[in-house]
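Here the structure is laid out as structure tokens; the discussion comes afterwards.
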Amino acid sequence: MTRVLVVEDNADLAFALTTALESEGFAVTVASTGPDGVARARDAGVQLIILDLMLPGFDGFRAIRTIRDEGI
């Protein structure tokens, strides 16, 4: 099963994305801040990340830079 990480601070949008992806057979993990998104990317073994750019903690650009630098 393909694992997807949704990093989105808008709860309604995160819920809609999660519902749509799960209905298509994806396993979805959700994070609502930049640091939480990076932590979940480390632990969840995800194949795809849907990443908001404007996040609390630090922005999506810093999150993806950290994820890439760590080879995730």
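Below are the figures for this structure:
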| read-out | value |
| --- | --- |
| Residues that are among the small types (Gly, Ala, Ser), open to solvent by less than 30 Å² (accessible area, probe 1.4 Å) and either at pLDDT 95 or above or outside any helix (DSSP H, G or I) (or both), drawn from the range 28-50 | ALA31, GLY34, GLY37, ALA41 |
| In the range 51-63, residue surrounded by the most Cβ atoms within 10 Å (Cβ to Cβ) [restricted to those that are more than 10 Å from the chain's Cα centre (by Cα) and of a type in the set (A, V, I, L, M, F, W, C)] | LEU55 |
| Any pair with Cβ under 7 angstrom, 6 or more apart, that starts in the range 12-34 at a residue that is within 24 Å of PRO56 (Cα to Cα) and of a type in the set (Ser, Thr, Tyr) and ends at one that is part of a strand (DSSP E or B) and open to solvent by 40 Å² or more (accessible area, probe 1.4 Å) | THR18/VAL30; THR29/ARG3 |
| Any hit, the range 7-27, residues being in contact with an Asp or Glu (Cβ under 8 Å, 6 or more places away or on another chain), open to solvent by 30 Å² or more (accessible area, probe 1.4 Å) and assigned to a loop (DSSP other than H, G, I, E, B) | yes |
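The values are calculated or read from the model by the stated rules, or taken from the named source; none is laboratory data. Remember, predicted model here, so these are calculated numbers, not experimental data. Every residue, glycine as well, gets a Cβ built from its backbone with ideal geometry; the counts of neighbours run over all protein chains shown. All accessible areas refer to the heavy atoms of the entire protein, side chains included, with ligands and DNA or RNA removed. Shrake-Rupley method; radii C 1.70, N 1.55, O 1.52, S 1.80 Å.
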